[in-house]
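Data first, discussion second: the structure below is written as structure tokens.
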Amino acid sequence: MPVAAVPNVFYSRFNRIIAAVFCAVAALSALSLFLLPTASNRWLVIPALFVMLFVWEMLWRPDLRVSDDAVTIRNPLRTIVVPWAALVHVDTKFALTLYTPGRKFAVFCAPAPGRSLTSSGRRKSTDPVPYVSGFPRPGDLPGSESGEAAQLVRARWDLLQKTGRVDGGLAAQTPVAVVWAWGRAGVLAAGAAASVVAILLA
């Protein structure tokens, strides 16, 4: 289930639970391997630590941050800052996706629901959701990660438009910042390589 940690931040609770489980298993494995009397097995501590780092980057860190200035998407290995003036459309077909002129940015922590959640959500929900061609978009269903995140974005966007704080007609001229985390990517690549070597040595 998704959760809004504070009114401006959204992350996937499911992803973080999975991340916590993986990290706990990896940490216990690393500790037990380190305490083994056989020195060669201690090399396997490196892959266990790499698993913790990988899970943190892929599952724990991603989130969506909404402020009066922009929507900030923190995906694995890159951060995208979308000013409200650049935003032209919000979609949830496969995941929450923000559209700007000529570009689109999917939100990693807000995927659209699978078929089982879609069916149960349609049966249980009485809340109005956006319609596309007469049918509710599955990704907009309340209780889904994409639906909750989309509501957070749309509510703030609508408020800013109604109060005149978003200038219309400037989308094509408003830049979107995309920052790649080359440092973390390098650390992950080094960790993967070190893990392969450690497994071979063990």
* **Filtered residue count, region 140-196, keeping only those that are open to solvent by 40 Å² or more (accessible area, probe 1.4 Å) and in a loop (DSSP other than H, G, I, E, B)** => 9
* Which residue, of P37, P47, is farther than 30 Å from P142 by Cβ, modelled with pLDDT under 95 and outside any helix (DSSP H, G or I)? -> P37
* Qualifying position, being of a type in the set (A, V, I, L, M, F, W, C), farther than 13 Å from A177 by Cα and either modelled with pLDDT of 95 or more or open to solvent by 20 Å² or more (accessible area, probe 1.4 Å) (or both), among V71, V81, V88 -> V88
* Asked: Within region 21-57, can you find the residues that are open to solvent by less than 60 Å² (accessible area, probe 1.4 Å), under 19 Å from C109 (Cα atoms) and in contact (Cβ under 8 Å) with a residue 40 or more places away in the chain?
  -> E57
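The values are calculated or read from the model by the stated rules, or taken from the named source; none is laboratory data. Given the structure is predicted, the values throughout are model-derived calculations rather than measurements. Please note: Cβ atoms are built from the backbone with ideal geometry, for glycine as well, and neighbour counts cover all protein chains shown. The area values use the complete protein model at the heavy-atom level, side chains included, leaving out ligands, DNA and RNA. Shrake-Rupley method; radii C 1.70, N 1.55, O 1.52, S 1.80 Å.
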